[in-house]
C-alpha cells in the first residue's frame, strides 16, 4: 500500500478511537504488573532507593523518546498492526514477521502471563494459600476464563475501556493521596532510614532499567489501532506522548511511596512491594484495599490484552505470514478470532508454568520488547533515506530516535554483561522466529 492509499484510508476512516480513547488505551497497556513488582528487585540490585528512583525517571525519559519516535512512524504509515506493519513495509517482511512473533511470545502472551501472576500474588498471598492449591493455578485459571469469554462473548468496547482506565487512575491517585495524608503522621517508616550507600554499578543500573522498561513498554499501544483512529496522523502521536508523560509522573509517585513508606529491608527483593508499603502506611486494612486495586488492574490488563493481541496475529494470518487457521474467518465477520485467542491463551498458560520466578520473566520481557521497539524505531532512518522526500524526518526527530535506539542498545549490553545467562531466552525467541519465517515461506506465499 503506498502513501496515497494510506492517506485516503486515514481520511475516510471514522473509527471509534479518538484522542481520549487512544490515550486511555496507552495508559491501560502501560499501567500493568511491572510497576507493582519491579522496585523490590531493583532495590536488591542497586542497593539504593535514590538509584531506583533515578532508574524510573530515566526509564520515563527513554519511553517518551520512544513514544515521540513511534509518533513519527504513525504519521508516515497510518495502518493498524504496530511493529509488524512498520518493519514489513519499511525494511523486509522477515523483520515484520519477527516483530509479530515477538508480540505473540512476549509482547502480549508474556505480558498476559505476568499480569495473571501478579494478580495471584496480590489476590492470594502465601499465608492465605491452601496447601492443596499449587502455585500458578489461579493465574492459569484467570487466563483461561478470559480466553473463553473473549472467544464467545462480545463485550462492550471503547467506552467501557475508557471507564475501566478512569477507575484505575482514580484508585491509584487515591492511594497516593492517602499516602501523602499519612506522611505528617509519621507512618513513613522508610523515610527515616538512610540508604545503604552501596557503590553505584552501571551494570546493575542497566539490569534494573531492563525490568523497569517493561512497565513503560505500552507507550506504543495506540499504533496497533491506527487504522481505526480518527485523524490518525494527529491523534495517535499526540495520545502516545501525553499518556507517556502522565504515566511517568504516576510511576514516580507510586514508587516513591513504595520505596520510602516501608523499611528497605522489608521490600528488598520482594514481589509484592505495594502491599508491604500499604501495611506500613495503614496496616492490614490499607493492604487489603491496595490488593483490591491491584487485582482489578491486573484483571483488566489480562482482559484487554486477550482482546488486542490476537487481532495482530489474525491480521498477519490474513497477510499470509502466520498460519491461515489464525486468520479472521469471512463467515464470522465482526466476531473474535477464536483460533488466535486460543493459541495465545494456551501459550500464556505455558509461560506461567515455565517462569516460576517473576524476576526472570520481568527481565526476559523487558529485554525482548525493548529490542523489538528499538528495531522498529530504526524504520525512521530507513524511511528517511530510501523513501520519497515527503517521508523525510526533521533533524530533531532523528536525534530523538538516535537517543532512543542508543539507550536501548546500551541497556541491553549492560544487562547482558551483568546477567549473561538471562539473555538466552531472548536469543531463542529471535532464532526460533527466523526458523519459522523460513518454514512459512516454504509452505505459504507471503502477501506482506
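Read the figures in this text as sums done on the coordinates, not as results from a lab. A quick note: this is a predicted structure, and the numbers were derived from the prediction, not measured. Glycine also receives a Cβ, built like all others from the backbone with ideal geometry; neighbour counts cover every protein chain displayed.
A few notes on this one:
- The relative contact order of the chain, computed from alpha carbon pairs under 8 Å that lie at least 6 residues apart in sequence, is 33 percent.
- Sum of -39500 (n - 2.57) over DSSP H runs of 4+, divided by residues of the chain (222 nm, nearest 500): -24500 deg cm²/dmol
- Relative to the longest principal axis of the Cα atoms of the chain, the long axis of helix 3-12 makes an angle of roughly 70 degrees.
- Crossing angle, helix 34-46 versus the chain [Cα axis fit, 0-90 degrees, rounded to tens]: 60 degrees
- Taking 1.567 mPa s as the viscosity and 4 °C as the temperature, the Stokes-Einstein diffusion coefficient of the range 117-269 based on its alpha-carbon Kirkwood radius rounds to 66 µm²/s.
- Top of 429, 248, 235 by mean-square fluctuation, Gaussian network on the chain, Cα under 10 Å: 429
- Put the Cα centre of the range 120-134 next to the Cα centre of the range 177-207 and the gap is 28 Å.
- Global geometry of the range 233-382, whether rounded, prolate or oblate, following the gyration tensor of its Cα atoms and the 1.5 cut on a/c: prolate
- The share of C-alpha pairs in the range 84-151 whose separation exceeds 17 Å stands at 57 percent.
- Cα pair count fraction exceeding 34 Å, expressed as % - the range 13-443: 27 percent
- Per-peptide average of other Cβ atoms within 10 Å, ordering 407-419, 364-376, 182-194 highest first: 364-376, 407-419, 182-194
- Helix 93-102 vs. the chain, principal-axis angle (Cα, 0 to 90°, nearest 10): 30 degrees
- Residue order, fewest to most surrounding Cβ atoms within 10 angstrom, among 292, 276: 292, 276
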